[in-house]
């Protein structure tokens with residue numbers, strides 16, 4: 001049997017469903033895109049702890065300390081050995097502390113507690129420790145002691161509430 | 001002058017550039033997608049270095065000392081609650097609950113003494129066990145050998 005020739009000859013494809021679907025996909029990816037990277041370093045594999053409180057919302061004025069499996073602090077694109085490059089790390093922490101103190105000075109005009117903390121040399125930022133599960137404790141302890149010496153007193157130790165696939 | 005009919009002046013929009021851009025955007029978002037990982041945390045409050053010790057001695061329940069001993073390669077060798085050895089973190093949780101459970105748990109502070117070589121996951125294991133035993137005040141003492 002002979003095939004009938006198409007009546008118009010020029011068959012235009014209806015693009016509307018494809019464009020609709022593509023826009024839906026773009027909207028989806030835009031919503032799930034995580035712009036706040038939280039300074040979370042992917043090289044750090046956190047330990048697992050089922051009692052860890054899920055982090056809700058952003059931590060106010062956080063100072064993230066990512067420590068890799070060799071006990072090196074990953075910050076500003078560098079890996080600093082906590083044991084041998086303590087001076088460089090302390091300079092970095094002091095610079096961060098100075099920035100936090102400047103913000104505290106503004107807040108101290110309206111908040112008496114912040115003013116009291118500022119006078120006592122305490123810094124309101126939370127030090128978020130993100131350390132690799134296999135890193136030795138000595139590095140973490142060294143960092144915590146440095147932070148305490150500078151005036152940080154709020155710490156948060158990150159862990160995974162459950163195993164990630 | 002004769003007016004042109006509507007059929008003659010029908011303008012078809014060229015969709016190709018728009019579809020190109022849309023696919024570019026889609027590709028960008030697909031490649032930059034990083035699945036959101038929900039992390040948890042333990043809040044620990046420690047004294048700042050500049051803060052002086054209080055002058056007035058208050059009555060305080062002595063802290064529960066948890067010692068974590070490590071092997072040379074950082075594995076957990078022993079867990080001690082005070083001077084008594086416990087078998088595991090689950091055992092530690094049970095022992096702490098027996099010692100400081102119930103209403104007292106809010107008052108009691110735990111102090112973790114870990115060896116320097118100990119792997120961080122074991123330290124978090126101890127913090128996890130103490131948190132499970134409703135101890136919220138956890139402190140870290142200086143490291144051991």
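Nothing in this text is a laboratory measurement; each read-out follows from the coordinates by a stated rule. The model shown is predicted, which means the values in this text are computed figures rather than measured ones. Glycine gets a Cβ as well: all are built from the backbone with ideal geometry, and neighbour counts include every protein chain shown.
Output the 0 to 90 degree angle, nearest 10, between the alpha-carbon long axis of helix A:137-150 and the longest principal axis computed from the alpha carbons of chain A.
Once rounded, one gets 70 degrees.
Top mean-square fluctuation among A:56, A:90, A:42, Gaussian network model of chain A, C-alpha springs under 10 Å?
Comparing A:56, A:90, A:42 in a Gaussian network model of chain A, the most mobile one is A:56.
Between A:97, A:120, A:131, which gets the highest mean-square fluctuation from a Gaussian network model of chain A, Cα cutoff 10 Å?
Answer for the Gaussian network model of chain A: A:120.
Kindly identify chain A as rounded, prolate or oblate by the Cα gyration tensor criterion: order the square roots of the eigenvalues as a ≥ b ≥ c, call it rounded if a/c is under 1.5, otherwise compare a/b with b/c, prolate if a/b is larger, else oblate. Spell out each step's value before the answer.
On the way: a/c = 3.40, a/b = 2.27, b/c = 1.50.
In terms of gyration-tensor shape, prolate.
Take every residue in peptide B:111-120, count the Cβ atoms of other chains within 10 Å of its Cβ, and give the average of those counts.
Numbers: counts 0, 1, 0, 5, 3, 8, 3, 6, 9, 17.
Across the residues of B:111-120, the mean count of other-chain Cβ atoms within 10 Å is 5.
Between residue A:88 and residue A:162, with labels modelled 7 Å along Cα→Cβ, what's the label distance in nm to one decimal, could you check?
4.0
Modelled label-to-label distance, residue A:145 and residue B:10, 7 Å Cα→beta-carbon offset: nm?
8.3
Expected output is a single nm value to one decimal: the length gained when fully extending between residue B:27 and residue B:90, i.e. 0.36 nm times separation in residues minus the C-alpha distance. What is it? Spell out each step's value before the answer.
Numbers: separation 63, 0.36 × 63 = 22.68 nm, distance 4.78 nm.
Length difference between fully extended and current span is 17.9 nm.
Can you tell me which of A:18, A:83, A:30 moves the most in a GNM of chain A? Springs connect C-alpha atoms under 10 Å apart.
A:18
Can you sort A:22, A:27 so the residue with the fewest Cβ neighbours within 10 Å comes first? It would help to have the intermediate numbers written out before the result.
On the way: A:22 17, A:27 11.
Listing A:22, A:27 from fewest to most nearby Cβ atoms yields A:27, A:22.
Checking the a/c ratio against 1.5 first, then a/b against b/c, what shape does the Cα gyration tensor give for region A:62-157?
Working: a/c = 2.51, a/b = 2.18, b/c = 1.15.
It is prolate, given that a/c is not under 1.5 and a/b is the larger ratio.
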